[in-house]
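Working notes, beginning with the structure itself.
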Amino acid sequence: MTSNLYLTNNKFKITLGIIILIQILLAFQGFDMVDDGFVLTFYQQIFNHPETVEYNFMYWFSGIVGGLWYQLYPEGGVFWFRMLGLIVNTSTFILSYQLLKKHVPKTYLLFALVMVLFQNNYGFTTFYHNHLTALLCLLTVFTLLKAIEKESVILYVLTGIIIIFNTFTRLPNLVLLSLLLVIPFFFLLSKKPFVSKSIRPIALVVLGCLLGLLSVYGILMATGQFQVMKSMFVMLFDLGNTDGSAHNVGDILRSQVFNYKQIARTFFELAFILGLAVLIKHFLPKRRVLAVVLSVFFVSLLIVWYEKQGIGAAYTLSYIGCIWTLFSRKKAIHLRLIALCSFLILFTLTLGTTGGMKNSGYMAIWLGLPLFFLVLPEIFGCIQCILNKIFSTEKFKVSKPVFSLLWCFIIAFLLLKTYHISNEAYFDEGSRLEKTYAINNKFAKGIYTKQRRAEIVNDLLAGLSNYVQPNDYLFSYDHIPMIHFLTETRPYPYNSWVGIYDENSFRKKIAKAEQEISVLPIVVQQKFNTIHRFAEPDPNYMDASSANTILHAAASVSTMNSFLERHNYQIVWSNAYFNIYKAKQGF
């Protein structure tokens, strides 16, 4: 009895302890050469050589946070930044809990937040801009709702400041200005003149935005990064108008259409599952053995649904939760404001890349997914009332079994993610039982991967040690930015991950580097695919006639080969996976 009482009274603390422990355990395994290297090089260079990571300045504020973290403990390496990711993710978890704890039953709320935290199959990544975006989103919601509640000038202004810093964490986050719609909605719900009453609060938030912009400008000037930011915006304009770019406006809009088609399909599949549950619960006899069999059936069905739809499943559940709450007149005003915030975040936050919901959807569901667990019993209650009215009976009793169905959603998710996370780390597939091999580098201390990946990276590091020193320029082609972080080298073409340049930008950045940088860099060029998994060596990897993927296009290969030929580069080290080049005049 005492232990049960302790568990009941300390659910939040116990859950918090468990998720922190899981994140720590996951942090030791998985070594990604691509995304992790891209952001880690940014943090390493933002205060030392900011011009060499110009591309990353579209995520500038995350770089400031990461750069300061790097300065605290430069030798901490990959693991140190996974601890920063843990801190930010756990802070987001806590903030979401604080926003919803008065409205959503605690047990369901905690499980829903666990589902959000481990939404991705790899479970955990190094700190980067999406983590900070999610935290600042919820912080914006928290301060805005507190400002409305307390009519606080300071909190309205602070809301605007946070929106601006979130915008410079990830530029598309400017869409979060849409959260200002919460202000007139509050006055509308309060039956006050919402137009006139909204003017002053909105003006205060705008004032906060102006102060935020002044703060950003001051930091850029103080750190000598203003010109780098200007150059990034020029480059971004090119990206937005270039076909094949990850930031092309047309492709971004098309990705949104594709995302919502997926959400529509996912919704109808969910409706089928819920409808099946209603029919089975009504017509089958109530027997304990049968109930267990049905629970296993629905858990299995939901596992298939989760696996098929991925983030689309979580997005669909989140939309159901926030839309139902938003239009429920019996709900508290505070909760309906949270629901509107959730809807606006879901609708806007995936804008900015062609990946859309798939790439960044997980940071938008912190409020919506818990609301689903609040509203599903209400939805079933309405279904029950409708069925009883249609058939003029009171025999339909479908609202009570919904709670067992909620547990099916939770159990199915936990089983599926346990399987995936145990067999995958970020861009490092394979069982975690096999990830016991170390990278021979001080920045990768405490990080373990599979034997083949470790051997490939270690061989390259040993080869590079004869040609580069910290602060040297290095040109890494095309999806191996982690090499810069491990060797403390400066990216030559203003970006550690040149594979994400479109053809036009790549050519321009090489030309700019040739004009501005007086030395020719050592070049390391991969001969196999490193995205998602380490593929087998490809003897035609640098053959422009055979390159035909978005991230390894023929034009990019031709531009790289032209650079090597133009400066008479020669291979000085090679194995099956990499070539290291040195300009002939440098011999």
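The values are calculated or read from the model by the stated rules, or taken from the named source; none is laboratory data. What you are looking at is a predicted structure, and each value in this text was computed from that prediction instead of being measured. All Cβ positions, glycine included, derive from the backbone under ideal geometry; neighbour counts span all protein chains shown. Heads up: the accessible areas ignore ligands, DNA and RNA and are worked out on the full protein's heavy atoms, side chains in. Shrake-Rupley method; radii C 1.70, N 1.55, O 1.52, S 1.80 Å.
Looking only at the range 323-346, count how many residues are in a helix (DSSP H, G or I), without any contact (Cβ under 8 Å) to a residue 60 or more places away in the chain and open to solvent by 10 Å² or more (accessible area, probe 1.4 Å). Going through the range 323-346 one residue at a time, the tally reaches 4. Please go through the range 529-557 and pick out each residue that is surrounded by fewer than 17 Cβ atoms within 10 Å (Cβ to Cβ) and in a helix (DSSP H, G or I). Answer for the range 529-557, where residues must be surrounded by fewer than 17 Cβ atoms within 10 Å (Cβ to Cβ) and in a helix (DSSP H, G or I): ALA554, ALA555. Of the residues in the range 177-195, none is touching a residue at least 60 places away in the same chain (Cβ under 8 Å) and among the charged types (D, E, K, R). If the condition is being open to solvent by 20 Å² or more (accessible area, probe 1.4 Å), of a type in the set (A, V, I, L, M, F, W, C) and in a helix (DSSP H, G or I), then the range 347-394 contributes PHE347, LEU374, ILE379, CYS382, ILE383, CYS385, ILE386, LEU387, ILE390. Selection of the range 558-584 for residues being within 29 Å of ASN359 (Cβ to Cβ), touching a helix residue (DSSP H, G or I) at 6+ places or on another chain (Cβ under 7 Å) and not in a loop (DSSP other than H, G, I, E, B) yields THR559, PHE578.
Taking the criterion of being basic (Lys, Arg) and either over 30 Å from GLY356 (Cα atoms) or out of contact with any His (no Cβ under 7 Å at 6 or more places or on another chain) (or both), the residues of the range 158-213 that qualify are LYS191, LYS192, LYS197, ARG200. Which condition does PRO470 not pass, out of (1) in contact with a strand residue (DSSP E or B) (Cβ under 8 Å, 6 or more places away or on another chain); (2) at pLDDT 95 or above, if it passes all the others? Status for PRO470: all satisfied but (1). Is it the case, given these coordinates, that VAL523 is under 21 Å from THR489 (Cβ atoms), without any contact (Cβ under 8 Å) to a residue 60 or more places away in the chain and assigned to a loop (DSSP other than H, G, I, E, B)? So VAL523 fails the test. Those residues that are at pLDDT 95 or above and open to solvent by less than 10 Å² (accessible area, probe 1.4 Å), I need them from the range 111-126; list them, please. Passing the criteria: ALA112, LEU113, MET115, VAL116.
Among the residues of the range 139-168, which ones are hydrophobic (A, V, I, L, M, F, W, C) and under 13 Å from GLY208 (Cα atoms)?
Of everything in the range 139-168, those that are hydrophobic (A, V, I, L, M, F, W, C) and under 13 Å from GLY208 (Cα atoms) turn out to be LEU144, ALA147, VAL153, ILE154, LEU155, VAL157, LEU158, ILE161, ILE162, ILE163, ILE164, PHE165.
Whenever a residue of the range 68-84 is farther than 16 Å from PHE47 by Cα, its partners that are hydrophobic (A, V, I, L, M, F, W, C) and open to solvent by 10 Å² or more (accessible area, probe 1.4 Å), lying with C-beta atoms within less than 6 angstrom and at least six residues away or across chains, give the pairs LEU84/TRP69. Looking at VAL296, is it at pLDDT below 95, closer than 27 Å to ALA264 by Cα and out of contact with any Leu (no Cβ under 8 Å at 6 or more places or on another chain)? Judged against the criteria, VAL296 is a match. Filtering PHE443, PHE475 for residues that are open to solvent by less than 80 Å² (accessible area, probe 1.4 Å), assigned to a helix (DSSP H, G or I) and of a type outside the set (A, V, I, L, M) leaves a single hit, PHE443.
Whether any residue in the range 28-37 is open to solvent by less than 30 Å² (accessible area, probe 1.4 Å), at pLDDT 95 or above, in contact with a Ser or Thr (Cβ under 9 Å, 6 or more places away or on another chain) and not in a loop (DSSP other than H, G, I, E, B) is what I want to check. Within the range 28-37, one or more residues are open to solvent by less than 30 Å² (accessible area, probe 1.4 Å), at pLDDT 95 or above, in contact with a Ser or Thr (Cβ under 9 Å, 6 or more places away or on another chain) and not in a loop (DSSP other than H, G, I, E, B). Per the listing LEU213, LEU204, the residue uniquely in contact (Cβ under 8 Å) with a residue 40 or more places away in the chain, touching a helix residue (DSSP H, G or I) at 6+ places or on another chain (Cβ under 7 Å) and open to solvent by 70 Å² or more (accessible area, probe 1.4 Å) is LEU213. From the list LEU176, LEU171, LEU189, the one residue that fits, being in contact with a helix residue (DSSP H, G or I) (Cβ under 9 Å, 6 or more places away or on another chain) and either more than 18 Å from CYS341 (Cβ to Cβ) or open to solvent by 70 Å² or more (accessible area, probe 1.4 Å) (or both), is LEU171.
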